[in-house]
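For reference, the structure is listed below as structure tokens.
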Amino acid sequence: MSATRIVVFAKAPQPGRVKTRLIPALGAEGAAALAARMLARTLAEAAEASAPPGAVASMERGEATGASAARPCGVELCASPAPGDPAWRGLTVPAGLRWAAQGEGDLGARMAGAARRVLAGGERVLLIGTDCPALDAACLRAAAEALDEVEAVIVPSFDGGYVLLGLRRFDPSLFEGIAWSTLTVAAATRARLAALAWPYRELPALHDIDVPADLVHLPSGA
């Protein structure tokens, strides 16, 4: 059974360049600070999802552990700007995190490139962003488990997009000609999956934090 890699798409949390639709409510510095916290939260949840069951206790006892077949087995930060850019200085990340550059093109082209690369390397892939604090380790594990039985898994967002797309095979139609950041993204993706005749699973919808009205869905302390 193939391993499943979690690929986290993120921009460096720089004021005025991230979460710009939240600036009217939080200011540029506040929006960037929130983006940094959500990035840290996402990476922590992804790392937890990838950890073998009982890994911490076993390591404390000096025991060897093996990854569960249904669990993700690696985390990658797909970064913009590219890794090594000064914008990423000072970011604390989980141990063992793999970095990659997002590359050029629109969001679809960049996601397609990452998905194609990971799948060509023999792993399955979960593509996620950092805008959904409710996308936790349990949900990531459930998505990985779904790929044991279907070709794709999607976690929609309440705004019409999606917060996760998982694949165990590649087709460019899932990324081309999509009106990104609109109310139609999830519907268009469902239609593409249906056209491919790929069996897929849809998990419960979650809330993104994109505009001031979404802040009511921000967990306490986030």
Filtered residues of segment 125-159 (kept if among the charged types (D, E, K, R) and within 22 Å of ALA188 (Cα to Cα)): ASP131, GLU151, ASP159
Index of the failed condition, GLY177 passing every other in (1) modelled with pLDDT of 95 or more; (2) on the phi < 0 side of the Ramachandran plot: (2)
Every residue from segment 98-120 that is assigned to a loop (DSSP other than H, G, I, E, B), more than 20 Å from ALA46 (Cα to Cα) and not acidic (Asp, Glu): GLY103, GLY105
Yes/no for GLY105 being at pLDDT 95 or above, at positive phi and surrounded by fewer than 15 Cβ atoms within 10 Å (Cβ to Cβ): yes
Exclusive hit being under 26 Å from GLU48 (Cα atoms), open to solvent by less than 60 Å² (accessible area, probe 1.4 Å) and either of a type in the set (Asp, Glu) or touching a residue at least 60 places away in the same chain (Cβ under 8 Å) (or both), set ASP171, ASP210: ASP210
Residue within segment 147-165 that is of a type in the set (Ser, Thr, Tyr), within 29 Å of ALA82 (Cα to Cα), assigned to a loop (DSSP other than H, G, I, E, B) and at pLDDT 95 or above present: no
So VAL163, is it open to solvent by 40 Å² or more (accessible area, probe 1.4 Å) and touching a residue at least 40 places away in the same chain (Cβ under 8 Å): no
Selection count, segment 1-17, where residues are more than 21 Å from LEU147 (Cβ to Cβ), touching a helix residue (DSSP H, G or I) at 6+ places or on another chain (Cβ under 7 Å) and open to solvent by 10 Å² or more (accessible area, probe 1.4 Å): 4
Segment 181-207: number of residues that are farther than 14 Å from LEU165 by Cα and either part of a loop (DSSP other than H, G, I, E, B) or touching a residue at least 60 places away in the same chain (Cβ under 8 Å) (or both): 6
Members of segment 21-51 that are under 26 Å from LEU126 (Cβ atoms) and open to solvent by 30 Å² or more (accessible area, probe 1.4 Å): ARG21, ALA36, ARG37, ALA40, ARG41, ALA44, GLU45, ALA47, GLU48, ALA51
Evaluation of ILE128 against (1) out of contact with any Phe, Trp or Tyr (no Cβ under 9 Å at 6 or more places or on another chain); (2) in contact (Cβ under 8 Å) with a residue 60 or more places away in the chain (one fails), failing number: (1)
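The values are calculated or read from the model by the stated rules, or taken from the named source; none is laboratory data. Only a predicted model underlies this, so the values are computations on that prediction, with no experimental measurement involved. Counting neighbours? That spans all protein chains shown, and the Cβs are built from the backbone with ideal geometry, glycine included. All accessible areas refer to the heavy atoms of the entire protein, side chains included, with ligands and DNA or RNA removed. Shrake-Rupley method; radii C 1.70, N 1.55, O 1.52, S 1.80 Å.
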